[in-house]
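K.L.:
Sharing a structure with you now.
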Amino acid sequence: MSAPVTFGQGSLSRAAALIHTLVTVEALLLLAAAPGLAALLLIGPDPANLPLAAVCLLPLGPATAAALYALHHRDRDLADLHPARAYWRGWRLNALPALRLWTPLLAWLTVIAFTLTHFSATGLPGWWAVLLGAIGAGSLLWGAHALVLTSLFAFRARDTVRLAGYFLFRHGRATLGAASLLVLTAAGTAVLTEALPALLAAPLLLSLLYGSRPVIAETQEDFTA
């Protein structure tokens, strides 16, 4: 005879636990990033404000790293849920490491975006714009791997940089998964609302974690003691 299913272990309970975790992590992510997001709403869409927008997005790096940590360590038992505790633990552990990677990435992407928005003034041939766009997309994909690694492992910043670049090509399927999330988010933002990435941040990050399972598994097996 099969063992009886206790409270909190059935499929409905697991679904409720997942929804509760996603809603809690989403709310805490928005709370942690709120100062920058609120300031972002106050600046205009003028391309000249891109550096200021980058400064406003700085809190988003640690907030995202904490969300990835909480989602990775989420409880699946409805009777034992502590997503808020896991989120703030992830923020305390990963805020500074995430900023060390997030800040230069934001600066680099700002330079690319500023160049593209003022491309006519550069006098460069058109294929340079395509090249810059490809470099920007590649930088975002590298950043996705880097945020996952820095959220779940205690590597030095330079080691995380190297590993993220290594996994960018080593696990093409994980990179393609991150690229598909990027394309879907950009398309949804363009068609629906600019707030879409913020409103669906937790499900998007959970999908990123799901696609990054080979990266996480190889890191645990080959690059940790």
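No value in this document is a laboratory result; all are computed from the given coordinates. Keep in mind it's a predicted model, so treat the numbers as computed, not measured. Here the Cβ is made from the backbone with ideal geometry for all residues, glycine too, and neighbour counts use every protein chain on show.
K.L.:
What net charge do the residues around residue 166 carry, taking every other residue with its C-beta under 12 Å from that of residue 166, with Lys and Arg at +1 and Asp and Glu at -1?
P.N.:
Neighbourhood net charge equals -1.
K.L.:
Sticking with this one: For segment 114-150 and segment 195-222, write down the distance between their C-alpha centroids in whole Å.
P.N.:
22
K.L.:
Now a separate question. May I ask you to work out the translational diffusion coefficient for segment 11-222 at 10 °C, viscosity 1.306 mPa s, via Stokes-Einstein with Rh from the Kirkwood sum over Cα pairs, reported in whole µm²/s?
P.N.:
Values: Rh = 18.1 Å.
Answer, rounded: 88 µm²/s.
K.L.:
Sticking with this one: Can you tell me the 0 to 90 degree angle between the C-alpha axis of helix 126-152 and the longest principal axis of the chain, rounded to 10?
P.N.:
30
K.L.:
Could I ask something else about it? Quick one: which residues, 5 or more positions from residue 75 or on another chain, have an amide H under 5 Å from its amide H? H modelled 1.01 Å from N in the peptide plane, none for Pro or chain starts.
P.N.:
Answer set, sorted by chain and number: 82.
K.L.:
Can you give me the angle between helix 83-117 and the longest principal axis of the chain, using Cα atoms only, in degrees from 0 to 90, rounded to the nearest 10?
P.N.:
Once rounded, one gets 20 degrees.
K.L.:
For residue 189 and residue 114, FRET efficiency with R0 = 22 Å and r from the beta-carbon atoms, rounded to 0.05?
P.N.:
Efficiency, from the Cβ-Cβ distance: 0.65.
K.L.:
For a quick protection proxy, order the peptides 117-130, 187-200 by their average other-Cβ count within 10 Å, most packed first. Please list the in-between numbers first.
P.N.:
Details: 117-130: 10.8, 187-200: 12.7.
Highest to lowest by the protection proxy: 187-200, 117-130.
K.L.:
Report the FRET efficiency, 1/(1 + (r/R0)^6), for residue 121 and residue 58, where r is their Cβ-Cβ distance and R0 is 25 Å, rounded to 0.05.
P.N.:
Numbers: r = 27 Å, r/R0 = 1.10.
After rounding to 0.05, the efficiency reads 0.35.
K.L.:
In percent, what relative contact order does the chain have, based on Cα pairs under 8 Å that are 6 or more apart in sequence? Can you show the working numbers first?
P.N.:
Numbers: 226 pairs, mean separation 47.2, N = 225.
In percent, rounded to a whole number, it is 21.
K.L.:
If one takes the longest principal axis of the Cα atoms in the chain, at what angle in degrees, from 0 to 90 and to the nearest 10, does the Cα axis of helix 172-191 lie?
P.N.:
Long axis of 172-191 versus the principal axis of the chain: about 70 degrees.
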